[in-house]
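One structure below.
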Amino acid sequence: MEIQTNSLKNKIFFFFLLLLVLVQAISFFSTNYAKQQEEQQRLASQLNKADSLLKNVVEKQQYYLTAFAETAAKDSDLQHVLINDNRNLRVSLNNYRKQIDADIAIAINSDAEVLAELKVQNSNSDIKRLATNPQSNYQFKHPQWLTENSNSVYYQLEGEVYQLTIAPVSDANNTLGYVGFGYSLNEKWFTELATLTGFDVGLGLHNNNDWQWLSAQQIKNRTVDGEASISPLITAANNNYAFSNTRLGVINNTPLVATIYHHKLQFNDRYNQYNESFMIMIAVILFISLLGAYVIASSVTKPLRRLVKLSRNITKGKYSNKINVGNTKELNQLAEQFADMQQAIKSREKAITEQAYLDNLTALPNRNQFYRDMHDFELPFVLCQLNIRRLADFNDTLGHDVGDKVIQEVANRLKVLTKPLYHTSGNCFLIRFDEATISSVKACISALNEAIEPSFNYQNIALHLQVNIGVTVSVDWPQANQLLKEVDSAMQIAKRDNILYQLYDRQIDLNTLDRLQLVNRLKIAIENNEFTLYYQPKLNLKNSKVEQVEALVRWQHPVNGLISPDSFIHIAEQTGQMTALSLWVINEAIAQYFAWQAKGIEIKIAINISPENLLNDDFCQLLVDKLCGKRTLNKALSFEITEDAFVDHSSKAVANINKLRAHNIYLSIDDYGTGYSSLAQLKNLSVQELKIDKSFIQKLMVEPVDQLIVSSTIQLSHQLGLSVVAEGVEDKLTLAWLKELNCDKAQGYFISRPLPANDFYHWLQSSEYGYLASESINTLTNEETKVS
Ligand code: C2E
Ligand code: CA
Ligand code: CA
């Protein structure tokens, strides 16, 4: 496991650890030092005591020897044998010696000649043997000792040192001689002293910094710490020994010194023992403290870790965490801040989420919410997609505020049904009827229709609300997308056919299948010349004459028969075949124009071109070449384009429109009112004509709003210098109304349905709007009429 040095917990722990070790070390060394001092003092005082004891022993022994020697000197028997009986002197002297168990006894005459000298040999052992000096009457080596009264001296003899007291033997007048008794300062003596003082004791002569070791048998035998036979005197500088020297006296002018000593290690044993237990104690304290440090570090960082965990939870989107950080004021404040923050994030997130699933305008759940709710739907149910018709017109003519009001109003009316309701896009709503089946679709629709009500008054303007509804019934589970596709395609059909509702059935999808087949066939159709043009007259309302027709393409399908352009124009656009198709139409129209001309009628032709064409620079150039050659066909042909051509594709389409306009090609805006462009925008394109979409015209007589829109459009267009065409005129009254309002042209079933070229020719002959070709028949040369 890797230790994280930057973790707060570890930092605190290591800080404590360091502190503890430091404190323990200081305490250890100071205690150790004090202990050492104490030991030294103790040693010094013990040495001192031992020293006093030694002195005391020596003094007592001296006193004893002196007292005995003086007593013996006064003995008349001894006096007698000293002077007279040299033979018995030794016996007598020995008897005295025995009395005090002295190690040496000596008798000296007044001439300082040694008369007898008795010495206990092997004095270290219990078996004693007496040795006498073989020679008699030899001169005593230390005559100076005899002059004083009793004298205590240290007498060295044959390697041994004796504490000796000599007392004069005298009668009333004269000194007769001397007797002396002494104890050997031998091994036994030292041993006894050692026992008494607790120290080792040695004896040495100190001469000019030079030590002569006299007696320290024990030391010689003992091994301390590997140092064998070391004299403490020689190694006085040796720190391993504690010692004290006491001067006892002098031998041959050399100080005789008793040394009390001890190897320090032996003392240290105790001290070491103490140290050991002290170390153990320190180790235990350290361990406990470390445990404590760990607990403290953990408890200090615990609230922080909790806060960290909390913020992780917040990151994961869990906001209802409560934490306990103990009773530290600052941490509590922090925890409160966290709690507030959680709440703030929670409510902000809630708001954002609601926005994502809610439509702003209607406050209804949106498409996202629909996807969410799908899982909870219970089968069977009826799903309706409701489309507000011509919402764009309201936006355009009355302003977006009105459009928004319309949407809100529809939403409010639908809410009354208290069914699950969604606002999925600008003019679309989804509504679900639970436990409804196919048989109850009609009931659902009439409930919807009733809720909507057609009339809506806005600032004294009566708006007519019209809806198309796509319906699907779910008895088993479709995918959300499939469900929406079903209601949408049903709704598109309701919209296209302008009916209240369309129930989805598989036929709709089969139509899509047909569509696929059409896609495959379309290319061949152009090559096979399977298309034909129908012509629908555009009536000039100023002179009530037809001077122009709109060319409308149809597909003469070998199997399916005549197919309407609504079914394939889109496909051609999406499969990139629009250029070919449009060129075919243009060529066909030109041919027809000349054909009619040949027949004596001068009919201009309006041709529809798709937005795709306007994006194709080559196509536009071709058009210019074709129309602006020597025949100046640009007077005979005009082109209808829908608004989305330039709304969707912007600059390129606009550039091409301007190019066509620069060559005086006549352009007309088709289906005006179904898109989003305003008249001002169209004006900038400098087109010449505006075709009001048929959806405004078809019900003109029953829709006051349509009248309002159409009349204002005519007025505005005229102000902008545009010619106005109304398409979808289906009755006489509408035609009259349009004429009244100064509309320039009218087109519609009332005048004529789109007709094949020949039929149109005949229609024109018989129609009251007929145009007499002969009036302008000679405007083009014969040569030109042959071209097709
Ligand atoms: P559009 O350009 O708006 O053409 C007018 C459509 O309205 C024609 O449908 C016509 O038959 C229909 N119509 C005319 N008068 C009335 C009326 O009084 N009442 C009703 N209900 N409908 C009327 P059509 O021929 O089916 O053409 C549909 C669309 O196909 C055209 O709409 C046009 O956008 C497109 N289209 C037709 N031919 C061509 C073509 O050659 N090239 C291109 N690019 N599009 C074409
Ligand atoms: Ca048209
Ligand atoms: Ca149109």
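The values are calculated or read from the model by the stated rules, or taken from the named source; none is laboratory data. None of the values given here were measured: they were computed from a predicted structure. Here the Cβ positions follow ideal geometry from the backbone for every residue, glycine too, while neighbour counts run over all protein chains shown. Protein only, heavy atoms only, side chains kept; ligands, DNA and RNA dropped before computing areas. Shrake-Rupley method; radii C 1.70, N 1.55, O 1.52, S 1.80 Å.
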Search segment 107-121 for residues being in contact with a Gly (Cβ under 6 Å, 6 or more places away or on another chain) and of a type outside the set (A, V, I, L, M, F, W, C), and hand back the single one that is surrounded by the fewest Cβ atoms within 10 Å (Cβ to Cβ).
-> Ser110
Looking at this structure, is Glu409 surrounded by 13 or more Cβ atoms within 10 Å (Cβ to Cβ) and over 24 Å from Asp376 (Cα atoms)?
-> yes
How many residues does segment 529-565 hold that are more than 16 Å from ligand 3 (Cβ to nearest atom), open to solvent by 40 Å² or more (accessible area, probe 1.4 Å) and over 15 Å from Ser582 (Cα atoms)?
-> 9
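State all residues of segment 5-20 that are farther than 13 Å from Ser298 by Cβ and surrounded by 14 or more Cβ atoms within 10 Å (Cβ to Cβ); if no residue qualifies, say none. Reasoning before the result, please.
Of all residues in segment 5-20, those farther than 13 Å from Ser298 by Cβ come to 5-6, 14-15, 17-20.
Scanning segment 5-20 gives Phe14, Leu17, Leu20.
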Given (1) outside any helix (DSSP H, G or I); (2) open to solvent by less than 40 Å² (accessible area, probe 1.4 Å), index of the condition Ala494 fails = (1)
Scan segment 613-645 for residues that are within 16 Å of ligand 2 (Cβ to nearest atom) and either part of a helix (DSSP H, G or I) or among the β-branched types (Val, Ile, Thr) (or both) and jot them down.
-> Asn613, Leu614, Ile641, Thr642, Asp644, Ala645
Taking only segment 352-373 into account, find how many residues are open to solvent by 50 Å² or more (accessible area, probe 1.4 Å) and of a type outside the set (S, T, N, Q).
-> 9
Among the residues of segment 708-752, the number that are within 16 Å of ligand 2 (Cβ to nearest atom) and outside any loop (DSSP other than H, G, I, E, B) is 8
Any idea which of (1) open to solvent by less than 20 Å² (accessible area, probe 1.4 Å); (2) within 20 Å of Glu703 (Cβ to Cβ) is the one Gly470 doesn't satisfy?
-> (2)
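Looking only at segment 535-569, which residues are under 21 Å from Leu735 (Cα atoms) and either without any contact (Cβ under 8 Å) to a residue 24 or more places away in the chain or in contact with a helix residue (DSSP H, G or I) (Cβ under 6 Å, 6 or more places away or on another chain) (or both)? Even if it seems obvious, please write down each step before you answer.
Initial filter on segment 535-569 (under 21 Å from Leu735 (Cα atoms)): 535-550.
Tyr535, Leu541, Asn543, listed by residue number.
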Return only the number of the condition from (1) outside any helix (DSSP H, G or I); (2) of a type in the set (Gly, Ala, Ser); (3) within 16 Å of ligand 1 (Cβ to nearest atom) that Ala653 does not satisfy.
-> (1)
Specify the residue that is farthest from the chain's Cα centre (by Cα); the eligible residues are those in segment 680-707 that are in a helix (DSSP H, G or I) and within 14 Å of ligand 1 (Cβ to nearest atom).
-> Ile697
Just for segment 659-679: of the residues that are away from ligand 2 (no atom under 16 Å from the Cβ) and outside any loop (DSSP other than H, G, I, E, B), which one is surrounded by the most Cβ atoms within 10 Å (Cβ to Cβ)?
-> Leu660
Quick one: in segment 688-704, of everything that is away from ligand 2 (no atom under 13 Å from the Cβ), surrounded by fewer than 21 Cβ atoms within 10 Å (Cβ to Cβ) and not acidic (Asp, Glu), which residue is nearest to Lys604 (Cα to Cα)?
-> Gln688
Does segment 345-391 hold any residues that are part of a loop (DSSP other than H, G, I, E, B), of a type in the set (A, V, I, L, M) and at pLDDT 85 or above, and which are they?
-> Leu361, Ala363, Leu364
Checking Lys141 against (1) at pLDDT 85 or above; (2) open to solvent by 30 Å² or more (accessible area, probe 1.4 Å); (3) not hydrophobic (A, V, I, L, M, F, W, C), which single condition isn't satisfied?
-> (1)
For segment 566-600, what are the residues that are open to solvent by 20 Å² or more (accessible area, probe 1.4 Å) and within 14 Å of ligand 2 (Cβ to nearest atom)?
-> Asp566, Ile569
Checked against (1) exposed (fewer than 11 other Cβ atoms within 10 Å of the Cβ); (2) at pLDDT below 80; (3) under 25 Å from Phe15 (Cα atoms), Gly317 satisfies every condition except (3)
Assuming Tyr371 fulfils every condition listed in (1) farther than 30 Å from Gln459 by Cα; (2) in contact with a Phe, Trp or Tyr (Cβ under 8 Å, 6 or more places away or on another chain) apart from one, which condition is it?
-> (2)
Does any residue of segment 601-612 turn out to be in a helix (DSSP H, G or I), open to solvent by less than 60 Å² (accessible area, probe 1.4 Å), out of contact with any Leu (no Cβ under 9 Å at 6 or more places or on another chain) and more than 16 Å from ligand 3 (Cβ to nearest atom)?
-> no
Contact list, first residue from segment 323-341 and free of Cβ contacts under 8 Å to residues at least 40 places away in the same chain, second anywhere and surrounded by 11 or more Cβ atoms within 10 Å (Cβ to Cβ) and among the β-branched types (Val, Ile, Thr), beta-carbon distance below 7 Å, six or more apart or interchain, is Leu331/Val325; Asn332/Val325; Ala335/Ile323; Ala335/Val325
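Is it the case, given these coordinates, that Thr642 is in contact (Cβ under 8 Å) with a residue 12 or more places away in the chain, under 19 Å from Leu581 (Cβ atoms), of a type in the set (S, T, N, Q) and open to solvent by 10 Å² or more (accessible area, probe 1.4 Å)? Show your work before the answer.
Details: in contact (Cβ under 8 Å) with a residue 12 or more places away in the chain: yes; under 19 Å from Leu581 (Cβ atoms): yes; of a type in the set (S, T, N, Q): yes; open to solvent by 10 Å² or more (accessible area, probe 1.4 Å): yes.
So Thr642 passes the test.
Quick check on Lys346: is it touching a residue at least 12 places away in the same chain (Cβ under 8 Å), farther than 25 Å from Asn412 by Cβ and open to solvent by 30 Å² or more (accessible area, probe 1.4 Å)? Walk me through how you get there before you give the answer.
On the way: touching a residue at least 12 places away in the same chain (Cβ under 8 Å): yes; farther than 25 Å from Asn412 by Cβ: yes; open to solvent by 30 Å² or more (accessible area, probe 1.4 Å): yes.
Considered against the rule, which asks whether it is touching a residue at least 12 places away in the same chain (Cβ under 8 Å), farther than 25 Å from Asn412 by Cβ and open to solvent by 30 Å² or more (accessible area, probe 1.4 Å), Lys346 comes out as yes.
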Tell me, which residue of segment 438-456 that is of a type in the set (S, T, N, Q) and assigned to a helix (DSSP H, G or I) is nearest to Ile407 (Cα to Cα)?
-> Asn449
